[in-house]
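Student: Submitted below is the structure of interest, expressed as structure tokens.
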Amino acid sequence: MRKTVCAGLLLAVATAFLPAGTVSGADRIVVADANSTHHLNLYVAFEKGFFAKRGLAVEIQQTSAGVAAVVGGTADIVFNCPTGVITPIAKGQNITIIAQVKIPCTSVLVIPVDSPVKKPGDLKGLQLAGLSTTCCAVIAIRDALKSGYDTEFSLSALAPGAALAALEANSVSGAILEEPFVAEALLLRDPSGKAKYKTIFDGHSDADGDGKTEANLAGENPPCRTINANRGFVDSRLPDAISFIAAVDEADKLIRANPVAPDIVAIARKYVPNVSEQAIIDSNPKLGFQVALDTKGLIGYAQALVNQGTINNNPGDALFAPQFKGLTW
């Protein structure tokens, strides 16, 4: 919390010299975005005018290839799972991490209420659904199972909605889902009205019924998505980049004050219409929006990518834009 407040104050000081209504560089900032309630701070900053009051003309372009757009220079900023950005950074591509989106990662393992899985070792050889082999939660859970329980599972790489559908079709034994799809799963009921699914090994549940809460396999408060920018954009338009993060920081504070306020929920539904209002209400309080980077945790993700052979080297502090040292890290 102290780090978040400090980052907010530094950002406020850094942008104080920018007059409202002016743009210090080109006339717009293009954000390549894939609709997600995890990007609610982006939408709130836009809808509440926090960008505009800083003189930023922000354009949100919907795409599933946001990282590629930023690397290629057709977009300036993307909110993304950090492991999807660490790989191009390690390969020397034109992208850098400038701020955190949220902590912790809210992706957890969801299984049927009547599942025989009671302890981590029971997952051995099971078919689970998850976003990808490079998803932060998948990496963290896989590493914990392999190192602590000599256990591995098979993964069906599916987007969250498709993963939940696979769970409903009994084609997988469980699914590593992110919010608000976890909330959607927990809302589902069988014909008798009983809950169909539960979360497990998430630091909040008792899997084996011994009265004790098991630790989160993904780790204690693991970092989640990051705000990432084209290196050339940061170099040439640093005041705009700093102002952009200051606007997001303002949105973070508003959301944290009341994550289920009607106007906040309405903004989430506007940008992510395929998710139910109740799932948004249930999941929003779990989304810990902040701009201060968890550098240790993110460097840990990079090492996990090295361990599984996705990248050859861990960039360490080179993951983060040096211009933002003292601001967000």
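The values are calculated or read from the model by the stated rules, or taken from the named source; none is laboratory data. Nothing here was measured: the structure is a model prediction, and the numbers come from that model. Reconstructed Cβ throughout: ideal geometry from the backbone, glycine too, with neighbour counts over all protein chains shown.
Student: Scan (1) outside the structural domain of Gly297 (by TED's automatic domain parsing); (2) assigned to a loop (DSSP other than H, G, I, E, B); (3) of a type outside the set (Asp, Glu); (4) under 22 Å from the mean Cα position of the chain (by Cα) for the single condition Ile176 breaks and write down its number.
Tutor: Only one criterion in (1) outside the structural domain of Gly297 (by TED's automatic domain parsing); (2) assigned to a loop (DSSP other than H, G, I, E, B); (3) of a type outside the set (Asp, Glu); (4) under 22 Å from the mean Cα position of the chain (by Cα) is unmet by Ile176, namely (2).
Student: Right, here's the next one. Scan the stretch 169-201 for residues that are of a type in the set (Val, Ile, Thr) and either touching an Asp or Glu at 6+ places or on another chain (Cβ under 7 Å) or over 21 Å from Ile280 (Cα atoms) (or both) and jot them down.
Tutor: Listed by number, the list holds a single entry, Val172.
Student: For the stretch 44-95, which residues satisfy the criterion of being farther than 28 Å from Val265 by Cα and part of a loop (DSSP other than H, G, I, E, B)?
Tutor: Scanning the stretch 44-95 gives Gly73, Thr74, Lys91, Gly92, Gln93, Asn94, Ile95.
Student: Would you pick out the residues in the stretch 189-221 that are loosely packed, with under 14 Cβ neighbours inside 10 Å and closer than 24 Å to Gln278 by Cβ?
Tutor: Arg189, Asp190, Pro191, Ser192, Gly193, Lys194, Ala195, His204
Student: Among the residues of the stretch 72-96, how many are surrounded by fewer than 22 Cβ atoms within 10 Å (Cβ to Cβ) and within 25 Å of Val272 (Cα to Cα)?
Tutor: Selection size over the stretch 72-96: 2.
Student: Would you pick out the residues in the stretch 227-252 that are among the charged types (D, E, K, R), part of a helix (DSSP H, G or I) and in contact with a Gly (Cβ under 7 Å, 6 or more places away or on another chain)?
Tutor: Correct list: Asp240, Asp249.
Student: Still on this structure, please answer the following. Considering the stretch 267-280 alone, what residues qualify as being part of a helix (DSSP H, G or I) and free of Cβ contacts under 8 Å to residues at least 40 places away in the same chain?
Tutor: Scanning the stretch 267-280 gives Arg269, Glu277.
Student: So is Leu18 modelled with pLDDT of 95 or more, in a loop (DSSP other than H, G, I, E, B), under 22 Å from Asn230 (Cα atoms) and over 19 Å from the mean Cα position of the chain (by Cα) or not?
Tutor: No, not satisfied.
Student: Determine whether Leu186 is closer than 27 Å to Gln308 by Cβ and either modelled with pLDDT of 95 or more or part of a loop (DSSP other than H, G, I, E, B) (or both).
Tutor: Against the criterion (closer than 27 Å to Gln308 by Cβ and either modelled with pLDDT of 95 or more or part of a loop (DSSP other than H, G, I, E, B) (or both)), Leu186 does not qualify.
Student: Now, a different point. If I filter the stretch 252-262 for residues that are in contact with a Pro (Cβ under 8 Å, 6 or more places away or on another chain) and either surrounded by 24 or more Cβ atoms within 10 Å (Cβ to Cβ) or modelled with pLDDT of 95 or more (or both), do I get at least one hit?
Tutor: yes
Student: If you don't mind, there's one more thing I want to ask. Which condition number in (1) more than 26 Å from the chain's Cα centre (by Cα); (2) of a type outside the set (Lys, Arg); (3) at pLDDT 95 or above is the one that Gly211 fails?
Tutor: (3)
Student: Residue by residue through the stretch 146-165, note down the ones that are within 20 Å of Cys81 (Cβ to Cβ) and either in contact (Cβ under 8 Å) with a residue 40 or more places away in the chain or in a helix (DSSP H, G or I) (or both).
Tutor: Those that are within 20 Å of Cys81 (Cβ to Cβ) and either in contact (Cβ under 8 Å) with a residue 40 or more places away in the chain or in a helix (DSSP H, G or I) (or both): Pro160, Gly161, Ala162, Ala163, Leu164.
Student: A further question follows. Report yes if Leu287 is touching a residue at least 60 places away in the same chain (Cβ under 8 Å) and in contact with a Leu (Cβ under 9 Å, 6 or more places away or on another chain), otherwise no.
Tutor: Yes.
Student: Please work out if Gly219 is in contact with a helix residue (DSSP H, G or I) (Cβ under 7 Å, 6 or more places away or on another chain) and on the phi > 0 side of the Ramachandran plot.
Tutor: yes
Student: Please pick out the residue among Leu126, Leu155, Leu145, Leu131 that is among the aliphatic types (A, V, I, L, M), in contact with a helix residue (DSSP H, G or I) (Cβ under 7 Å, 6 or more places away or on another chain), surrounded by 15 or more Cβ atoms within 10 Å (Cβ to Cβ) and farther than 26 Å from Thr37 by Cα.
Tutor: The conditions single out Leu145.
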